[in-house]
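The values are calculated or read from the model by the stated rules, or taken from the named source; none is laboratory data. Being a predicted model, the structure only gives us computed values, none of them experimental. All Cβ positions, even for glycine, are placed from backbone atoms using ideal geometry, and neighbour counts span all protein chains on display.
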Amino acid sequence: MIEFAVKCPHCKKEAWVGVDDPRFYKKGMLICKNCMHAERITHRQRYNAIVKRNCDECGKRIEIIIPNQREKVVKITLPCPTCGTTRTYEPTHEVITHRYNELKPAHDPIFHLPLWLQANVKGNVFWAYNRKHLQEIKRYVNAKLRERTTSIGMTMVERLPQFIKEAKNREALLKTIERLERK
Ligand SMILES: [Zn+2]
Ligand SMILES: [Zn+2]
């Protein structure tokens, strides 16, 4: 399970985005326990139905796109724009996902909503995916502050932005983390 704490697009409070397996972001869900808003990322998918071929009567090019359909279009009957001959075609489809696109500064990878746990630390964007991730970062920063060796997984540490690893930022980071814990 991959989880993200995000800002709810409706009530602007803390909401949850999750998916069982990171390879299947298209199964992602958004749930807000504050306003009960819930949706699947598939609800935000639309199809462009596309017919691109040559007319079998006059040979001229036919290029038609029917945008933003909720369902796939099985068949389209339409006249050739050049000679008017009407034929029924099976269109191909292009999937488009209308994400929220609130990309700044840090967002979840599925709905593109702002992460709930983010703050500015000395000009850097500090963020955590969720509260568990926030605790891991806190343990890391605390351990570094006391110069203890840490049991935190190295992969997590390697992925951290450089400013989190810098000694001069540790006090400010801890203050920010504690503020986010209460958020
Ligand atoms: Zn909400
Ligand atoms: Zn034609």
I need the full set of residues from the range 11-68 which are assigned to a helix (DSSP H, G or I) and out of contact with any His (no Cβ under 9 Å at 6 or more places or on another chain), in order please. Pro22, Arg23, Phe24, Tyr25, Lys26, Lys27, Ile41, Thr42, His43
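If you go through the range 1-10, how many residues are in a loop (DSSP other than H, G, I, E, B) and either within 16 Å of ligand 1 (Cβ to nearest atom) or within 12 Å of the chain's Cα centre (by Cα) (or both)?
3
Pick from Cys80, Cys58, Cys8, Cys32: which is outside the structural domain of Gln135 (by TED's automatic domain parsing), within 16 Å of ligand 2 (Cβ to nearest atom) and buried (at least 16 other Cβ atoms within 10 Å of the Cβ)? Break it down stepwise before answering.
On the way: Cys58 fails: buried (at least 16 other Cβ atoms within 10 Å of the Cβ); Cys8 fails: within 16 Å of ligand 2 (Cβ to nearest atom); Cys32 fails: within 16 Å of ligand 2 (Cβ to nearest atom).
Just one listed residue meets the conditions, Cys80.
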So the check is Cβ under 6 Å with 6+ separation or different chains; which pairs have a first residue in the range 90-116 that's assigned by TED's automatic domain parsing to the domain that holds Gln69 and modelled with pLDDT of 95 or more and a second one that's assigned to a strand (DSSP E or B) and among the hydroxyl-bearing types (Ser, Thr, Tyr)? His93/Tyr47
With the first residue restricted to the range 34-46 and required to be under 16 Å from Ile110 (Cβ atoms) and touching a residue at least 60 places away in the same chain (Cβ under 8 Å), and the second required to be away from ligand 1 (no atom under 16 Å from the Cβ) and hydrophobic (A, V, I, L, M, F, W, C), Cβ contacts under 6 Å at 6 or more apart or on different chains are Ile41/Ile110
